[in-house]
Each structure stands twice: as C-alpha cells, then as structure tokens.
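The structure appears right after this line, and notes come after that.
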Amino acid sequence: MFRVKITTEVLREWFEPQALTPALIRQVRDTGPGAVIVADVAEQRYRALDPASLDPGDRSQLIVYTHDDTERVLATAAIRTLRADHHVWRTAADLATHQVCSHMPTWMAALCVTPTVLSMRLAMHREGFVPFHRPQMDHLGTVIDTYTVADDNRVLATTALPAFTTGQVTCEATVLDRRRAPLALANGPVCHTHGAEEGAAGLRALVTDILNDL
C-alpha cells in the first residue's frame, strides 16, 4: 500500500492550488452556527459539513472556516463590491481562500494534538457545543477551541489544553459574551480516559445558567 508522510509541504501541495468556492461559503452560511469548512486530508479537498456530520475526533478533517467566519467575510465582501448579488459570494470566496492559505503553516499542529484534546472535543460535541472559530494554537503550545450552542449562540465557551503533553493535564475553560468579555471561568483535570465528559457536562450546565439569566 502506498503511503504519504504528511508534512506542511505536502499539505501545501494538496490544498494551495484549491479554492474555497462560493457554493461552500453559501452552504455554511445557510446551514447556520456549527457548520464548518474542513480541509479533508484523506480526500485531499475542501468540504462543507453541518454539525451533525462533523466528527470532532477525526484529525483528518481540519476545520479551516466556520459560520462566524463566513458572516464576517460576507460583510467585508459586500462593502468591497457594493453589490448584493453573486459578485459578493465570489469576492467572499476569494477572501476566504486567502485567509485559509495564510493559516496553512499551523495545520500540522492541529493534526498532531493528543488524544486528550480529541476526547475533550468529542465530549463537548456530545453536550451540544458546536465550533464557533477554527481551533487555534498559541506560542506556548496550548490549543484553544471556541464553541457556541447551535440553538442559542449568545455566549461562547472556550477550552484550553496543552496540545502535545500526555497524561493528566488541566483544562482551562472560559464562558464569554459575543464581545469576548469573560462571564465565567472554570478548570479541572482531564486526560484521554477520564475527566472530559464531566468537564463538558459542567461547562454546558454553566452556559445554560448564564443563558437563562440573560
């Protein structure tokens, strides 16, 4: 069986020639919060996925664009084109493609995260959280995932975990309003075999309480 070692250079070779299309941007926009565009490493193409078909544990599906990204890129495209027709979608797709290509150097880090990070993503998914931004990695090697709740996206929730540290680690969680002002903080131990389910359930309860008070 022929195997290819995945490197940043290989990912560039596969994905830089490709473009995000107006149809992909439109599909994510129309689906709503939780819809994403992924770079599918197995299929070597960009795909739009709705929340139900997204597998947070599949590292070959790298989230490169989200519903929130499409909202912002469409607003920028409308200002640039001054026209509310297909030219907006074409311009939005071009802007999105440029942004996605600029983030390609970070894709390898997303591919190499630990099973603990994957366990937390799966637990958050089961509690009804959907992606709000693409995963980010800071200079300390912390992977930050940002979520919202699909049926009520008034607040955001982030989880921060070491991207490469194995064994038990501390998950730092923050609930924020849409202006990114913190509303609540939480933390707790987690590893790939335990802690993620309890942490995600606790975060969902915290978010629900905050939403009820808004």
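The values are calculated or read from the model by the stated rules, or taken from the named source; none is laboratory data. All values reported here derive from a predicted model rather than from experimental measurement. Methodologically, a virtual Cβ is constructed for each residue, glycine included, from the backbone with ideal geometry; neighbour enumeration extends over all protein chains shown. Just so you know, the surface numbers come from the protein's heavy atoms only, side chains and all, with ligands and any DNA or RNA stripped out. Shrake-Rupley method; radii C 1.70, N 1.55, O 1.52, S 1.80 Å.
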- [ ] Evaluate E = 1/(1 + (r/R0)^6) for Gln44 and Leu118, where r is the Cβ-Cβ distance and R0 equals 22 Å; express this FRET efficiency to the nearest 0.05.
- [x] 0.50
TODO: Work out from phi, with θ = phi - 60° and the Karplus expression 6.51 cos²θ - 1.76 cosθ + 1.60, the ³J(HN,Hα) of each residue of segment 127-142, listed in order in whole Hz, and give x for Gly and Pro.
DONE: 8, x, 7, 10, x, 10, 10, 5, x, 10, 10, 8, 6, 8, x, 9
Open item on the list: Which one, Leu183, Leu122, Leu62, has the greatest fluctuation when you compute a Gaussian network model over the chain with C-alpha springs under 10 angstrom?
Closed with: Leu183
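Arg80 to Ala181: extension gain in nm, 0.36 nm per residue of separation minus the Cα-Cα distance?
33.4 nm
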Task: Helical segments meeting 20 Å axial Cα length and Kyte-Doolittle 0.5 threshold in the chain (DSSP H) - done: none
Task: Check: the chain dipole with +1 on Lys, Arg Cβ and -1 on Asp, Glu Cβ, in debye - done: 520
TODO: Starting from the Cα gyration tensor of segment 2-98, take the square roots of the eigenvalues, sort them a ≥ b ≥ c, and report rounded, prolate or oblate (rounded when a/c is under 1.5, otherwise prolate if a/b is larger than b/c, else oblate).
DONE: oblate
Task: Accessible area of the chain belonging to carbon and sulfur atoms, whole % at 1.4 Å probe - done: 54
Task: Estimated 222 nm signal from helices in the chain, with DSSP H stretches of n ≥ 4 weighted -39500 (n - 2.57), rounded to 500 - done: -12500 deg cm²/dmol
Task: Per residue accessible area of segment 1-157, 1.4 Å probe, in Å² - done: 49
Open item on the list: If I model a spin label as a point 7 Å beyond the Cα along the Cα-Cβ vector, how far apart are those points for Val10 and Ala205 in nm?
Closed with: 4.4
Task: In sequence order, calculated HN-Hα J values of segment 105-112 (Karplus, 6.51, -1.76, 1.60; Hz; x Gly/Pro) - done: x, 8, 5, 4, 4, 5, 6, 9
Task: Anisotropy class of segment 64-135 from Cα gyration tensor, a/c 1.5 cut - done: oblate
